[in-house]
1. Between ARG448 and ARG362, 0.36 nm times their residue separation minus their Cα-Cα distance comes to what?
2. When DSSP beta bridges are limited to those with both residues in the range 336-452, what percentage is antiparallel, rounded to the nearest 5?
3. For the chain, which whole-number percentage of the solvent-accessible area (1.4 Å probe, protein heavy atoms only) is attributable to carbon and sulfur atoms?
4. Is the chain best put as rounded, prolate or oblate by its Cα gyration tensor, with a ≥ b ≥ c the root eigenvalues, rounded for a/c under 1.5, and otherwise prolate when a/b is larger than b/c, oblate when not?
5. Once you keep just the Cα pairs under 8 angstrom separated by 6 or more residues, what percentage relative contact order results for the range 409-474?
6. Write down the accessible area per residue of the range 215-293 in Å², having rolled a 1.4 Å probe over the full set of protein chains.
7. Excluding the sites themselves, what is the longest stretch of the chain that contains no chymotrypsin sites (Phe, Trp or Tyr not before Pro) in a DSSP loop with at most 16 other C-beta atoms within 10 Å?
8. Do any trypsin sites (Lys or Arg not before Pro) in the range 215-282 lie in a DSSP loop with no more than 11 other beta carbon atoms within 10 Å, and if so, which?
Amino acid sequence: MADDYLARIGKLIRDARQHRGWTQSQLADALGTSQSAVNRIERGNQNISLEMIARIGEALDSEIVSLGYAGPMHLRVVGGRRLSGAIDVKTSKNACVALLCGSLLNKGRTVLRRVARIEEVYRLLEVLNSIGVRTRWINDGVDLELIPPARLDLEAMDADAARRTRSIIMFLGPLLHRMDHFRLPYAGGCDLGTRTIEPHMIALRRFGLDITATEGIYHAKVEAGVSPDRPIVLTERGDTVTENALLAAARHDGVTVIRNASSNYMVQDLCFFLEELGVKVEGVGTTTLTVHGVPNIDVDVDYSPSEDPVEAMSLLAAAVVTESELTIRRVPIEFMEIELAVLEEMGLDHDRSAEYVADNGRTRLVDLTVRPSKLEAPIDKIHPMPFPGLNIDNVPFFAAIAAVAQGQTLIHDWVYDNRAIYLTDLNRLGGRLQLLDPHRVLVEGPTRWRAAEMMCPPALRPAVVVLLAMMAAEGTSVLRNVYVINRGYEELAERLNSVGAQIEIFRDI
């Protein structure tokens, strides 16, 4: 085996080990070998057999180092089981990806605490590693350390990883201050219909960024000396649009005012992170942000992103549809209050603890106990609004909840072109959902769920909704190709099993 192949295989093994959060010693223990042998393998200094490659792939549960094509991951769900006990909400997926992009602003060492270990984060880490950022999991794989190079190598960017995440669009804000021209692959992610990047361009042009798109690539050119001469008014109060504007303003030498800004949870976390970098941000939690930029950021920073309100809603919905009593701990209540108000009107029986503060020192948390409830359909339709309205990503969970309530519920998902269509997959499991148009679904309840085998919808939240319905359905269901769930949830099946679910992970042979 040629030396360059050994080095490439060694790098794949090292990356897979780090993604799992293992040390070389832990991998050595799993393989029954020495830490020094693992070190030689990862450096490409030791011959390695196909048998050893297979053993490493099995130990790391990684498709990166495996014999042949391992195939997609599936879930086998034995439904009709009641959940019980308590489960913690993990840190926010959307905050974590914004902070990973935000780390590009900093020339110093960035440590992010309790980072969500999900496919979306792994794709961004692959991109960051490919352009020269050194990343490693520390503290037994719980926290993430990022150290940037003196100069980013964008020509070496892992384009395949970049195309598998929409978050790559948030590289534009930090990069426009680092170089006068660069290229980025088109963004990917969930299949949610056409989503234009024009709102991003309207904001970023004010900092001199010009984009042309050809053959799957964004070609970016930055005109030096251009800066906003009046407040930036976002044409869309979107989360990533606001984050991109914030990232651009953070290193702009001057004061930038951003109006019609999102004040959602991931935007607030990014603002708190920027303050740790020395960037003053006024108006956090409002729709007008005033950013006092710092042209040169070179600090060692340690930040803890807050918990994920959408995961909290997922776990609440799991309890509701399975008619269970479940305590959900570390719920970011500020971003769940509208959802809970709607559910209270529907008849949800629940208690909440006194408020306490998240590890970021700012976000308010509670512990929420949900009990079996006799729900009635809401009088008004369920529809999202920008924060502090009902969260856009929480709307799909109301489809499952409405399906177990008495009466008809109209769900209007006006933001995305296709997502409402995927909710009708619940009909395969006994649901009675009528698609009125690409944005509106009428849900008739209550539902007598039945087991089924089906493909996973290609959108994250509808995919989890289908999984929750399978947990409520008597019998054994199979959900195939669940990569999209792994994009946004860390070990969801295992964690649901810890409170009484019966979900088996398997692959085709």
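The values are calculated or read from the model by the stated rules, or taken from the named source; none is laboratory data. These figures come from a predicted structure and were not determined experimentally. Positions of Cβ are generated from backbone atoms using ideal geometry, with glycine treated the same way; all protein chains shown enter the neighbour counts. Calculation scope for accessible area: heavy atoms of the full protein, side chains included, ligands and nucleic acids excluded. Shrake-Rupley method; radii C 1.70, N 1.55, O 1.52, S 1.80 Å.
1. Values: separation 86, 0.36 × 86 = 30.96 nm, distance 4.24 nm.
So the extension gain works out to 26.7 nm.
2. Values: 17 of 19 bridges.
Given both bridge residues lie in the range 336-452, the antiparallel proportion sits at roughly 90 percent.
3. Numbers: 9610 of 20690 Å².
Taking all protein chains in place, the chain shows 46 percent carbon and sulfur surface.
4. On the way: a/c = 1.72, a/b = 1.14, b/c = 1.51.
Oblate, because a/c is 1.5 or more while a/b does not exceed b/c.
5. On the way: 107 pairs, mean separation 21.2, N = 66.
It rounds to 32 percent for the range 409-474.
6. Values: 3080 Å² over 79 residues.
That works out to 39 Å² for each residue.
7. Numbers: sites that count: TYR69, TYR186, TRP414.
In the chain, the maximal stretch lacking such sites is 187-413.
8. Numbers: sites: LYS221, ARG237, ARG251, ARG259, LYS280; in loops: ARG237, ARG251.
Of the trypsin sites (Lys or Arg not before Pro), not one in the loops of the range 215-282 has a Cβ with at most 11 other Cβ atoms within 10 Å.
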